[in-house]
Amino acid sequence: MKFICKVALIASTLAIVGVSAAKAEVPAVNLMSQYGIGYLQLTIMKHNELVQKHLKKVGLNNTKVNWATLGSGSSANDALLSGSLHFASGGTGPALILWDRTKGNLNVKGVAALSSMPNMLITSNPNVKSLKDFTDKDRIAMAGAGSSVQTIYLQMAAAKEFGMDNYKKFNPLMVNLAHPVGLQSLLSGAGGITAQFTSPPFWNRAILDPKIRIVLNSYDTMGGPNTFLMVWAAEKFRTENPKTFGAVMAALIEATAFINKDMKAAAEIYVAEGGGKEKVEDILAIMQNPLITFENAPQRILPFAQFMNDIGTLKNRPQSWKELFFENIHNLNGS
């Protein structure tokens with residue numbers, strides 16, 4: 001009888017522990033995306049409900065999945081710090097800034113890379129053929145101006161062209177506009193916008209206009225393909241919600257594999273999620289450009305981060321890309 005009671009007590013205790021463990025995980029996981037093809041994995045995750053799928057696999061059947069669309073990495077950082085967001089996404093610049101500022105406390109790190117794709121500095125000003133031709137009358141639209149990945153690209157290019165002391169040469173010309181708004185402003189000339197530093201598919205659309213030309217390719221600045229967009233999160237969330245974190249990670253990996261296996265299907269989902277305003281064949285053509293890759297291993301993120309340290313944007317200087325990302329992807333061939 002005592003043995004039976006003891007077994008019952010153990011079973012009861014294990015049940016309570018199981019309930020407590022389940023309660024320890026957040027009741028809802030909050031994710032976000034931004035505008036553009038570079039966030040395609042997140043679009044696939046949302047459309048195919050992949051996070052829900054992997055949450056159920058680990059027994060979190062009742063966890064809600066919330067999605068938001070933000071206009072820049074800096075706004076994503078604000079939401080992550082406020083606790084209203086669990087997984088941020090955006091350019092490597094904002095991600096590295098938060099890694100630096102939270103090192104030793106909140107410990108924000110990269111979850112995985114999303115995409116490598118060339119960003120283009122484009123202009124409608126017929127007098128601008130190179131960086132040397134910009135004047136104080138020009139205005140360059142970019143999302144998250146001052147902290148975005150495009151900001152760092154332009155600062156790196158300025159440092160190469162005019163010397164490290166002049167890396168901020170173009171900062172006074174920057175105007176903070178989300179990619180779609182920046183494109184509209186460039187094409188219409190609204191707000192004095194004469195240039196834009198942007199990503200696919202926005203520069204691809206822009207150059208269809210004969211008055212638009214490319215001034216700078218980010219790959220030329222970086223010496224080859226490099227990670228443009230990534231996902232990041234706080235170590236505290238990862239520690240306290242290991243199942244939820246793992247489910248999101250698994251969904252991200254599945255979405256990446258889905259894109260690389262069937263780009264046409266992925267393009268169809270992108271167009272559908274965007275309201276059907278674009279043509280699938282146009283999006284597919286952009287995705288099939290060999291300069292564009294969708295992968296979880298970061299490319300050339302270390303020299304990008306070290307430049308940010310050189311100019312004082314980052315106080316901490318990473319010696320390996322693995323310092324910037326959680327251990328989940330340390331087995332990948334990153335750089």
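Every number in this text was worked out from the coordinates using simple rules, so none of it is lab data. Quick caveat, the model's predicted, so the values are computed rather than measured. Note: ideal-geometry Cβ built from the backbone for every residue, glycine included; neighbour counts use all protein chains shown.
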Could you tell me which residue out of ALA206, PHE134, HIS179 lies farthest along the dipole of region 120-222 toward its positive end? Charges go on the beta carbon: Lys and Arg +1, Asp and Glu -1, centred on the Cα centre. ALA206
Provide the per-residue ³J(HN,Hα) series for region 250-262, in order, calculated from phi with Karplus coefficients 6.51, -1.76, 1.60 and θ = phi - 60°, each as a whole number of Hz, with x at glycine and proline positions. 5, 5, 5, 5, 5, 5, 5, 5, 4, 4, 6, 7, 9
Over all alpha-carbon pairs in region 120-222, figure out the percentage whose distance exceeds 20 Å. 27 percent
Dipole-positive endmost among MET164, VAL215, SER148 within region 120-222 (Cβ charges, Cα centre): VAL215
Amide H neighbours of GLY59 under 5 Å, counting only residues 5+ apart in sequence or on other chains, H built in-plane at 1.01 Å? none
If the reach is capped at under 29 angstrom between alpha carbons, list the lysines near LYS261, excluding any in the same chain fewer than eight residues apart. LYS46, LYS53, LYS56, LYS57, LYS64, LYS109, LYS243, LYS277, LYS279, LYS322
Label-point separation (nm) for ALA190 and GLU268, each offset 7 Å from Cα along Cα-to-Cβ? 3.4 nm
Provide the per-residue ³J(HN,Hα) series for region 100-111, in order, calculated from phi with Karplus coefficients 6.51, -1.76, 1.60 and θ = phi - 60°, each as a whole number of Hz, with x at glycine and proline positions. 5, 6, 9, 4, x, 10, 6, 6, 6, 9, x, 8
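Given +1 on the Cβ of Lys and Arg, -1 on the Cβ of Asp and Glu, and no further charges, what dipole in debye does region 120-222 carry about its Cα centre, rounded to the nearest 20?
Details: 10 positive and 7 negative charges, 23 e Å.
Charge dipole, region 120-222, about its Cα centre: 120 debye, nearest 20.
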Which peptide among 146-154, 82-90, 312-320 comes first, and what is the full order, when sorted by highest mean count of other Cβ atoms within 10 Å? 146-154, 82-90, 312-320
Can you list the HN-Hα couplings for region 74-81, worked out from phi with the Karplus curve (6.51, -1.76, 1.60; θ = phi - 60°), rounded to whole Hz and with x for Gly and Pro? 5, 5, 5, 5, 4, 5, 5, 5
With each label point set 7 Å from Cα along the Cα-Cβ vector, what nm distance links ASN107 and THR135? 5.4 nm
What size of dipole, in debye to the nearest 20, comes out for the chain about its Cα centre when the only charges are +1 on Lys and Arg C-beta atoms and -1 on Asp and Glu C-beta atoms? 720 debye
So how far apart, in nm, are the two label points at GLU278 and ASN66 if each is 7 Å from Cα heading toward Cβ? 2.8 nm
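Strictly greater than 25 Å: what percent of every Cα pair in the chain meets that? Working shown, then result.
Numbers: 29559 of 55945 pairs.
Tail fraction, whole percent: 53.
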Those trypsin sites (Lys or Arg not before Pro) from region 155-190 that are DSSP loop and have at most 16 other Cβ neighbours within 10 Å turn out to be LYS168
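State the antiparallel share, in %, of DSSP beta bridges confined to region 120-222, rounding to the nearest 5.
Details: 8 of 13 bridges.
Percentage antiparallel, nearest 5: 60.
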